[in-house]
Amino acid sequence: MKNIILIGFMGAGKTTIGKLLAKETELAFVDTDERIEQEQGQKIPDIFAQEGELYFRDLETELLQRMQEDTYGSVVSVGGGMPVREQNRALLRSLGCVVYLSAGKQTILERVKKDGSRPMLEGGSLEERVERLMREREGYYRQAAHIDVRTDGRSIRQVLQIISQETRKYGVVLQQFHDGKSKQV
Ligand code: S3P
């Protein structure tokens, strides 16, 4: 298995869990939003404001295509909208073992409400936006994922343990979070 890819809604914990997972397994960590920002020299809200959402979505697809060649043995966190395109879902699955980090609406709302860096949540009622987008996307996340890990009510460590156990079924051996030095993806 080449990589572990974390997908899920904004605020599901992809970046937090991904960074810790990478640190504890001594794998590289890649965040597609960060890579896009670095390559464009612009923050995501500015890309949305100046170029529009479609431009950003094309950047996401183009990056996923390049990652097929240049990303290996990494924990990859992707933007919440990445699995919406059918082409992206196929690219994600061929990039490695896809883990869907899911959480309930209330948990998501708590996590995103103070953060103004997400253009998809701008304007109107935050709750309505979150509800609609979650409903629209749920099926896409499930289609893209090999593994579904619910995060509500679980500690980060519990989530890491579940990812380790579940990815094992897909041939990914992540060495343990307390004892391990060795690693394999
Ligand atoms: C988006 C999620 C964001 C970022 C962009 C669009 C989305 O990433 O890619 O603002 O459409 O859900 P996070 O899921 O890391 O917040």
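The values are calculated or read from the model by the stated rules, or taken from the named source; none is laboratory data. From a predicted model like this one, the values you see are computed outputs, not experimental measurements. Every residue, glycine as well, gets a Cβ built from its backbone with ideal geometry; the counts of neighbours run over all protein chains shown. In case anyone asks, the SASA skips ligands and DNA or RNA and just uses the protein heavy atoms, side chains included. Shrake-Rupley method; radii C 1.70, N 1.55, O 1.52, S 1.80 Å.
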Among the numbered criteria (1) away from the ligand (no atom under 13 Å from the Cβ); (2) basic (Lys, Arg); (3) open to solvent by less than 60 Å² (accessible area, probe 1.4 Å), which single criterion is violated by ARG57?
-> (1)
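Within the range 166-182, identify whether any single residue is at pLDDT 90 or above and of a type in the set (D, E, K, R), and answer yes or no.
Applying the first criterion (at pLDDT 90 or above) to the range 166-182 yields 166-167.
Subset that is of a type in the set (D, E, K, R): 166.
The answer is yes; a qualifying residue exists.
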Single residue of the range 12-39 satisfying the filter (surrounded by fewer than 19 Cβ atoms within 10 Å (Cβ to Cβ) and β-branched (Val, Ile, Thr)) that is nearest to the ligand (Cβ to nearest atom) | THR15
Restrict the check to the range 139-154 and report whether at least one residue is open to solvent by 10 Å² or more (accessible area, probe 1.4 Å), more than 24 Å from ILE4 (Cβ to Cβ) and in a helix (DSSP H, G or I).
-> no
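Hey, among GLY96, GLY80, which residue is under 27 Å from THR167 (Cβ atoms), within 14 Å of the chain's Cα centre (by Cα) and within 13 Å of the ligand (Cβ to nearest atom)? Before the answer, list the steps.
On the way: GLY96 fails: within 13 Å of the ligand (Cβ to nearest atom).
It is GLY80.
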Give the residues of the range 74-85 that are surrounded by 23 or more Cβ atoms within 10 Å (Cβ to Cβ) and more than 26 Å from GLU136 (Cβ to Cβ), sorted by residue number.
-> VAL75
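Here is a yes/no grid of residues against (1) open to solvent by less than 10 Å² (accessible area, probe 1.4 Å); (2) closer than 21 Å to PRO45 by Cα; (3) more than 12 Å from the ligand (Cβ to nearest atom):
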site	(1), (2), (3)
LEU63	yes, yes, no
TYR72	no, no, yes
GLN87	no, no, yes
ALA90	no, no, yes
GLY104	no, no, yes
LEU109	no, yes, yes
VAL112	yes, yes, no
